[in-house]
Amino acid sequence: MSGEHMQIGEVAARTELSLRTIRHYDDAGLVTPSARSQGGFRLYTEADVTRLMVIRRMKPLGFTLEEMRELLAATDRLDSSAPLTAEEGAALLERVRGFELAAEERVASLRAQLARAEEFAQTLRERLGRLPAP
């Protein structure tokens, strides 16, 4: 095993994802281990960790596995050393921009939800502050 490869436990610790979740993303075809040890253990690289972090960041925003797969495929192709036609490059960039806009909209929605939750918690604190002690 090369020093550049990590076992799944180290990847789990670095990404704060469970072993089960990482295996699920492997089964779903989102992150394939870069190698296997002689004993058959999954081995990952920094690029795999980066890919898992993209997935981890998309998950709380409600992106589906298929949307994650689509974004990863687009960025993989953009990062590839294989030549792109101008049309293909433009289409891929537009697809990634669409994900950026969707992420911004979802973040704004979450911020609004958080603000409502904080208002609610403040209302409860104020209400409790006005109640007589038992």
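Data table
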item: Of Pro83, Pro33, Pro60, the one that fluctuates the most in a GNM where the chain has Cα springs shorter than 10 Å; result: Pro83
item: Centre separation in Å (Cα based) which lies between segment 103-134 and segment 4-41; result: 38
item: Relative intensity, log₁₀ I(q)/I(0), of segment 6-130 from a Debye sum that treats every alpha carbon as a point, q = 0.19, 0.22 Å⁻¹; result: -1.07, -1.23
item: Efficiency of FRET from Cβ geometry, Glu119 and Ser80, R₀ 30 Å, rounded to 0.05; result: 0.05
item: Given charges at beta-carbon only (K, R positive; D, E negative), |dipole| of segment 18-110 in Debye; result: 520
item: Arg20-Arg130 pseudo-label distance in nm [points 7 Å out on the Cα-to-Cβ vector]; result: 4.5
item: Label-zone membership for segment 46-82, site Glu105, 7 angstrom Cα→C-beta point, backbone N under 11 Å; result: none
item: Net +/- balance of residues flanking Val107 in space, Cβ distance below 11 Å, scoring K and R +1, D and E -1; result: 0
item: Two-site FRET efficiency, Leu65 against Ser34, from Cβ-Cβ distance with R₀ of 30 Å, rounded to 0.05; result: 0.90
item: Nearest-ten-degree value, helix 46-58 long axis tilted from longest Cα axis of the chain; result: 40
item: Cut-off under 5 Å, modelled amide H: who pairs with Ala35 long-range; result: Leu43
item: Sum of side-chain charges, Gly29 neighbourhood, beta-carbon under 11 Å (Lys, Arg +1; Asp, Glu -1); result: -2
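Bear in mind these aren't lab numbers, they're just calculated from the coordinates by the rules spelled out. Every value quoted in this text rests on a predicted model; they were computed, and no experiment measured them. As a convention, Cβ positions derive from the backbone with ideal geometry for all residues, glycine included, and neighbour counts pool all protein chains shown.
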